[in-house]
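Asker: Next up is a structure, given as structure tokens.
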Amino acid sequence: MSVLESLLIIAGIMLDVFAAMEIQGAMMAQIKKKSLAVACVVVAIVELVFYFTGYLICWFLASRGYIANPIYYGEAVAAIVLGLLGVRLMIKAVSREYILERRKDSISVWDYIRIIVMSSIYTAAAGCACGLVGITIWQIIIIILAVSFVMVILGMYTGLHYGFEIKTAAYAIGAFLLWGVSIEMLLHRILEIV
């Protein structure tokens, strides 16, 4: 799996985090730098833990021989998983979720951790698929850290300045990124058409 594919996958998944942080930012009068830094670190750690949990499970199964031809089947599984994650994000884009809007002075970890953990379950699924095809671990750690920080900061400030209606576009963009990588994997590696 290339660095660009890994970046697009993580960015697509993390647009769910962007939307969650946008909602939190929309309810704040101002964003405190300390709260923002804590949010960045917490989200990055949660994403890394879930990604590598999924990754290690599938890597272990592949390395022990429980999965025959893990690269080929891993890419097929990755294409399917990414396609389904894109469907999930598109469903979130078209559904109108109820948001209890109230002004807050600051953000606490408990305000967003449940949402981040729920979206991280899908990060674990992507990690599992990547564990089958093989990736460079240090590259993915840097990508997750960088994208987590960017999505949290952009989400908070977008919510602060524009409200939480941009989250619909974020979900749709995330779905298209995941579908794009899924289709590329399907056509290029599995069907060998392109």
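Asker: Among the residues of segment 97-141 satisfying the criterion of being modelled with pLDDT under 70 and basic (Lys, Arg), which is surrounded by the most Cβ atoms within 10 Å (Cβ to Cβ)?
Answerer: Lys104
Asker: Restricting to segment 53-95, give me the number of residues that are outside any helix (DSSP H, G or I), more than 21 Å from Leu178 (Cβ to Cβ) and not hydrophobic (A, V, I, L, M, F, W, C).
Answerer: Let us first name the residues in segment 53-95 that are outside any helix (DSSP H, G or I), namely 64-69, 95.
After this cut, where a residue has to be more than 21 Å from Leu178 (Cβ to Cβ) as well, the list is 64-69.
Going one step further and asking which of them are not hydrophobic (A, V, I, L, M, F, W, C), we end up with 64-66, 69.
Total meeting the criteria: 4.
Asker: While we're here: Restricting attention to segment 49-70, report how many residues are exposed (fewer than 13 other Cβ atoms within 10 Å of the Cβ) and under 24 Å from Glu184 (Cα atoms).
Answerer: Summing the residues that are exposed (fewer than 13 other Cβ atoms within 10 Å of the Cβ) and under 24 Å from Glu184 (Cα atoms) in segment 49-70 gives 2.
Asker: Condition check: in a helix (DSSP H, G or I) and either in contact with a Leu (Cβ under 6 Å, 6 or more places away or on another chain) or at pLDDT below 85 (or both). Does Leu154 satisfy that?
Answerer: Working: in a helix (DSSP H, G or I): yes; either in contact with a Leu (Cβ under 6 Å, 6 or more places away or on another chain) or at pLDDT below 85 (or both): no.
When the stated conditions are applied, Leu154 does not pass them.
Asker: Is it the case that segment 164-180 has a residue that's over 24 Å from Lys92 (Cα atoms), aromatic (Phe, Trp, Tyr) and at pLDDT 80 or above? Break it down stepwise before answering.
Answerer: First, pick out the residues of segment 164-180 that are over 24 Å from Lys92 (Cα atoms): none.
No.
The values are calculated or read from the model by the stated rules, or taken from the named source; none is laboratory data. The model shown is predicted, which means the values in this text are computed figures rather than measured ones. As a convention, Cβ positions derive from the backbone with ideal geometry for all residues, glycine included, and neighbour counts pool all protein chains shown.
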